[in-house]
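The values are calculated or read from the model by the stated rules, or taken from the named source; none is laboratory data. The structure displayed is predicted, hence computed values, not measured ones. When we count neighbours, we look across all protein chains shown, and the Cβ atoms used for this are built from the backbone with ideal geometry, even at glycine.
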Amino acid sequence: MRTALVLVRHELRLLASIGLWVARRRHRTGEGAAFGYSRGQGPMMLGFGFVIVIESIMMSVLLRNHPAVQRAWFTVDVYTLVLIVGMHAASVVRPHVLDDRVLRVRRAAHVDLRIPLEKVARARRELRTTHERTEGELNLAIGSQTTVTLELTEPVAHFTFLGRRQDIRLVRFHADDADGLVKAISRARSAPSPIPDPTG
(Lines give C-alpha, C1' and ligand atoms only; values in the text may rest on other atoms or scores of the structure.)
Protein backbone atom coordinates (compact mmCIF):
# COMPACT_ATOMS: atom_id res chain seq x y z
CA MET A 1 0.00 0.00 0.00
CA ARG A 2 2.79 2.40 0.91
CA THR A 3 4.58 1.65 -2.36
CA ALA A 4 1.41 2.45 -4.30
CA LEU A 5 1.07 5.78 -2.49
CA VAL A 6 4.70 6.64 -3.25
CA LEU A 7 4.15 5.87 -6.94
CA VAL A 8 0.96 7.92 -7.09
CA ARG A 9 2.63 10.87 -5.36
CA HIS A 10 5.56 10.67 -7.76
CA GLU A 11 3.31 10.62 -10.82
CA LEU A 12 1.38 13.62 -9.50
CA ARG A 13 4.67 15.49 -9.17
CA LEU A 14 5.50 14.63 -12.77
CA LEU A 15 2.14 15.93 -13.95
CA ALA A 16 2.60 19.11 -11.89
CA SER A 17 6.04 19.53 -13.44
CA ILE A 18 4.48 19.60 -16.91
CA GLY A 19 2.30 22.49 -15.77
CA LEU A 20 5.32 24.37 -14.41
CA TRP A 21 7.25 23.68 -17.61
CA VAL A 22 4.46 25.02 -19.79
CA ALA A 23 4.23 28.10 -17.54
CA ARG A 24 8.04 28.47 -17.68
CA ARG A 25 8.31 28.41 -13.91
CA ARG A 26 10.69 26.59 -11.61
CA HIS A 27 9.96 24.58 -8.50
CA ARG A 28 11.05 26.25 -5.26
CA THR A 29 14.37 27.80 -6.18
CA GLY A 30 13.81 30.76 -3.85
CA GLU A 31 16.66 33.28 -3.92
CA GLY A 32 19.28 30.66 -4.72
CA ALA A 33 21.16 30.25 -7.98
CA ALA A 34 19.72 27.55 -10.25
CA PHE A 35 21.95 25.15 -12.20
CA GLY A 36 20.26 22.97 -14.78
CA TYR A 37 21.13 19.40 -15.69
CA SER A 38 18.49 18.41 -18.25
CA ARG A 39 20.33 19.35 -21.43
CA GLY A 40 22.14 16.03 -21.65
CA GLN A 41 19.01 13.91 -21.46
CA GLY A 42 16.84 15.79 -23.96
CA PRO A 43 17.74 13.67 -27.02
CA MET A 44 17.34 10.45 -25.04
CA MET A 45 13.87 11.42 -23.80
CA LEU A 46 12.91 12.48 -27.33
CA GLY A 47 14.04 9.06 -28.53
CA PHE A 48 11.90 7.30 -25.92
CA GLY A 49 8.91 9.38 -26.95
CA PHE A 50 9.47 8.60 -30.63
CA VAL A 51 9.59 4.86 -29.89
CA ILE A 52 6.30 5.07 -27.97
CA VAL A 53 4.61 6.90 -30.85
CA ILE A 54 5.82 4.37 -33.43
CA GLU A 55 4.79 1.46 -31.20
CA SER A 56 1.34 2.98 -30.72
CA ILE A 57 0.83 3.32 -34.47
CA MET A 58 1.97 -0.24 -35.15
CA MET A 59 -0.17 -1.76 -32.40
CA SER A 60 -3.16 0.26 -33.57
CA VAL A 61 -2.83 -1.39 -36.98
CA LEU A 62 -2.26 -4.87 -35.55
CA LEU A 63 -5.22 -4.60 -33.17
CA ARG A 64 -7.65 -2.97 -35.61
CA ASN A 65 -9.95 -6.01 -35.40
CA HIS A 66 -9.99 -5.84 -31.59
CA PRO A 67 -11.22 -2.32 -30.79
CA ALA A 68 -11.48 -2.80 -27.02
CA VAL A 69 -7.88 -4.01 -26.76
CA GLN A 70 -6.81 -1.34 -29.23
CA ARG A 71 -8.30 1.43 -27.07
CA ALA A 72 -6.75 0.01 -23.90
CA TRP A 73 -3.32 -0.24 -25.53
CA PHE A 74 -3.62 3.29 -26.90
CA THR A 75 -4.53 4.62 -23.44
CA VAL A 76 -1.47 2.96 -21.91
CA ASP A 77 0.78 4.36 -24.64
CA VAL A 78 -0.58 7.88 -24.18
CA TYR A 79 -0.10 7.72 -20.42
CA THR A 80 3.43 6.38 -20.85
CA LEU A 81 4.20 9.25 -23.22
CA VAL A 82 2.82 11.73 -20.69
CA LEU A 83 5.07 10.26 -17.98
CA ILE A 84 8.12 10.54 -20.24
CA VAL A 85 7.31 14.19 -20.89
CA GLY A 86 6.75 14.61 -17.15
CA MET A 87 10.16 13.15 -16.29
CA HIS A 88 11.88 15.56 -18.65
CA ALA A 89 9.75 18.47 -17.43
CA ALA A 90 10.62 17.62 -13.81
CA SER A 91 14.32 17.75 -14.68
CA VAL A 92 13.88 21.16 -16.29
CA VAL A 93 11.79 22.80 -13.55
CA ARG A 94 13.69 21.24 -10.61
CA PRO A 95 17.31 22.34 -11.12
CA HIS A 96 20.09 22.14 -8.57
CA VAL A 97 19.90 25.17 -6.27
CA LEU A 98 22.77 26.86 -4.45
CA ASP A 99 22.38 29.55 -1.82
CA ASP A 100 24.75 30.85 0.84
CA ARG A 101 24.13 27.89 3.16
CA VAL A 102 22.87 24.85 1.28
CA LEU A 103 23.29 23.08 -2.03
CA ARG A 104 20.19 21.21 -3.16
CA VAL A 105 21.15 18.40 -5.51
CA ARG A 106 18.10 17.26 -7.44
CA ARG A 107 17.13 14.81 -10.13
CA ALA A 108 13.67 15.11 -11.62
CA ALA A 109 10.92 14.60 -9.02
CA HIS A 110 12.48 11.83 -6.96
CA VAL A 111 15.77 13.19 -5.57
CA ASP A 112 16.14 16.38 -3.55
CA LEU A 113 19.24 16.14 -1.38
CA ARG A 114 20.07 19.15 0.80
CA ILE A 115 23.78 19.44 1.56
CA PRO A 116 24.90 22.14 4.02
CA LEU A 117 27.93 23.90 2.57
CA GLU A 118 29.73 23.52 5.88
CA LYS A 119 29.77 19.77 5.23
CA VAL A 120 31.41 20.09 1.81
CA ALA A 121 35.08 19.18 2.08
CA ARG A 122 35.80 19.46 -1.62
CA ALA A 123 33.90 20.16 -4.84
CA ARG A 124 35.47 19.40 -8.18
CA ARG A 125 34.59 19.00 -11.83
CA GLU A 126 35.01 15.35 -12.73
CA LEU A 127 33.57 13.68 -15.80
CA ARG A 128 32.66 10.05 -15.15
CA THR A 129 30.74 7.74 -17.44
CA THR A 130 30.87 4.57 -15.34
CA HIS A 131 29.52 4.25 -11.81
CA GLU A 132 29.57 1.33 -9.41
CA ARG A 133 27.25 1.06 -6.44
CA THR A 134 29.29 1.71 -3.32
CA GLU A 135 28.06 2.19 0.21
CA GLY A 136 28.17 5.84 1.22
CA GLU A 137 28.19 7.12 -2.37
CA LEU A 138 25.32 8.58 -4.38
CA ASN A 139 25.58 8.70 -8.17
CA LEU A 140 22.98 10.77 -10.01
CA ALA A 141 23.96 10.28 -13.62
CA ILE A 142 22.21 12.04 -16.50
CA GLY A 143 22.79 10.46 -19.88
CA SER A 144 25.09 7.94 -18.14
CA GLN A 145 27.47 10.64 -16.95
CA THR A 146 28.25 12.78 -13.93
CA THR A 147 30.33 15.95 -14.08
CA VAL A 148 30.55 17.17 -10.47
CA THR A 149 31.91 15.32 -7.45
CA LEU A 150 31.34 16.42 -3.85
CA GLU A 151 33.35 15.00 -0.97
CA LEU A 152 31.71 15.58 2.40
CA THR A 153 33.23 16.00 5.84
CA GLU A 154 30.44 13.96 7.41
CA PRO A 155 27.49 11.97 6.12
CA VAL A 156 24.19 13.50 5.06
CA ALA A 157 20.97 11.52 5.09
CA HIS A 158 19.49 10.55 1.74
CA PHE A 159 16.19 8.72 1.41
CA THR A 160 15.66 6.50 -1.59
CA PHE A 161 12.56 6.53 -3.76
CA LEU A 162 10.86 4.04 -1.43
CA GLY A 163 12.06 5.73 1.75
CA ARG A 164 15.14 3.72 2.72
CA ARG A 165 17.75 5.84 4.49
CA GLN A 166 21.32 6.01 3.24
CA ASP A 167 24.19 7.93 4.83
CA ILE A 168 26.11 9.61 2.03
CA ARG A 169 29.71 10.84 2.16
CA LEU A 170 30.33 11.33 -1.57
CA VAL A 171 27.94 12.64 -4.22
CA ARG A 172 28.41 12.58 -7.97
CA PHE A 173 25.90 14.37 -10.18
CA HIS A 174 25.56 16.15 -13.49
CA ALA A 175 25.28 19.86 -14.15
CA ASP A 176 25.12 21.48 -17.57
CA ASP A 177 27.51 24.18 -16.34
CA ALA A 178 29.71 22.04 -14.12
CA ASP A 179 32.58 24.55 -14.02
CA GLY A 180 30.24 27.37 -13.06
CA LEU A 181 28.63 25.34 -10.30
CA VAL A 182 31.94 24.22 -8.80
CA LYS A 183 33.21 27.81 -8.79
CA ALA A 184 29.96 29.03 -7.23
CA ILE A 185 30.23 26.41 -4.48
CA SER A 186 33.80 27.50 -3.77
CA ARG A 187 32.75 31.15 -3.57
CA ALA A 188 29.81 30.36 -1.30
CA ARG A 189 31.99 28.28 1.03
CA SER A 190 34.64 30.99 1.29
CA ALA A 191 32.19 33.85 1.78
CA PRO A 192 32.30 35.32 5.32
CA SER A 193 29.42 34.42 7.58
CA PRO A 194 27.06 37.29 8.36
CA ILE A 195 27.86 39.06 11.63
CA PRO A 196 24.97 38.65 14.08
CA ASP A 197 23.17 41.81 15.15
CA PRO A 198 24.26 42.53 18.77
CA THR A 199 20.94 44.24 19.46
CA GLY A 200 19.09 41.03 18.61
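Residue-wise test of (1) without any contact (Cβ under 8 Å) to a residue 24 or more places away in the chain; (2) within 17 Å of Asp176 (Cβ to Cβ); (3) in the same structural domain as Arg114 (by TED's automatic domain parsing).
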{"residue": "Leu15", "(1), (2), (3)": "no, no, no"}
{"residue": "Arg24", "(1), (2), (3)": "yes, no, no"}
{"residue": "Met45", "(1), (2), (3)": "no, yes, no"}
{"residue": "Val51", "(1), (2), (3)": "yes, no, no"}
{"residue": "Glu55", "(1), (2), (3)": "yes, no, no"}
Response to the item:
Taking first residues from segment 158-170 that are loosely packed, with under 14 Cβ neighbours inside 10 Å and second residues anywhere that are among the hydroxyl-bearing types (Ser, Thr, Tyr), the pairs with Cβ under 8 Å that are 6 or more apart or on different chains are Leu162/Thr3
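Looking at this structure, is Ser60 within 21 Å of Val6 (Cα to Cα) and either among the polar types (S, T, N, Q) or at pLDDT 95 or above (or both)? Show your work before the answer.
Values: within 21 Å of Val6 (Cα to Cα): no; either among the polar types (S, T, N, Q) or at pLDDT 95 or above (or both): yes.
It is false that Ser60 is within 21 Å of Val6 (Cα to Cα) and either among the polar types (S, T, N, Q) or at pLDDT 95 or above (or both).
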Worksheet entry | Pair list, Cβ < 6 Å and 6+ apart or interchain, from segment 107-132 residues that are within 20 Å of Gly180 (Cα to Cα) to residues that are surrounded by 15 or more Cβ atoms within 10 Å (Cβ to Cβ) and among the small types (Gly, Ala, Ser) | Leu117/Ala188; Arg125/Ala178
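I need the full set of residues from segment 138-196 which are β-branched (Val, Ile, Thr), farther than 14 Å from Arg128 by Cα and at pLDDT below 95, in order please. Before you say what the answer is, go through the steps one by one.
Start the filter on segment 138-196 by keeping residues that are β-branched (Val, Ile, Thr), which leaves 142, 146-149, 153, 156, 160, 168, 171, 182, 185, 195.
Now restrict to residues that are farther than 14 Å from Arg128 by Cα: 153, 156, 160, 168, 182, 185, 195.
If the condition is that a residue be β-branched (Val, Ile, Thr), farther than 14 Å from Arg128 by Cα and at pLDDT below 95, then Thr160, Ile195 are the ones that fit.
Can you tell me which residue among Val97, Val120 is within 30 Å of Leu12 (Cα to Cα) and among the aliphatic types (A, V, I, L, M)? It would help to see each step written out before you state the result.
Numbers: Val120 fails: within 30 Å of Leu12 (Cα to Cα).
Result of the check over Val97, Val120: Val97.
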Fill in: Lone qualifier among Ala108, Ala123, Ala141 - being at positive phi, in contact with a Lys or Arg (Cβ under 9 Å, 6 or more places away or on another chain) and either surrounded by 12 or more Cβ atoms within 10 Å (Cβ to Cβ) or among the basic types (Lys, Arg) (or both)
Ala108
Worksheet entry | Matching residues, segment 1-24, being in contact with a helix residue (DSSP H, G or I) (Cβ under 7 Å, 6 or more places away or on another chain) and of a type in the set (Lys, Arg) | Arg13
Fill in: Number of the condition not met by Asn65 [criteria: (1) at pLDDT 90 or above; (2) surrounded by fewer than 12 Cβ atoms within 10 Å (Cβ to Cβ); (3) within 30 Å of Lys183 (Cα to Cα)]
(3)
Worksheet item: Out of (1) without any contact (Cβ under 8 Å) to a residue 24 or more places away in the chain; (2) farther than 27 Å from Arg164 by Cβ, what's the single condition that is false for Asp99?
Response: (1)
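Among the residues that make up segment 38-45, is at least one of them in a helix (DSSP H, G or I), among the charged types (D, E, K, R) and under 14 Å from the mean Cα position of the chain (by Cα)? Write out each step before concluding.
Applying the first criterion (in a helix (DSSP H, G or I)) to segment 38-45 yields 39-45.
Then drop every residue that is not among the charged types (D, E, K, R), which leaves 39.
With under 14 Å from the mean Cα position of the chain (by Cα) added as a condition, the list becomes 39.
Yes; the residues of segment 38-45 include at least one that is in a helix (DSSP H, G or I), among the charged types (D, E, K, R) and under 14 Å from the mean Cα position of the chain (by Cα).
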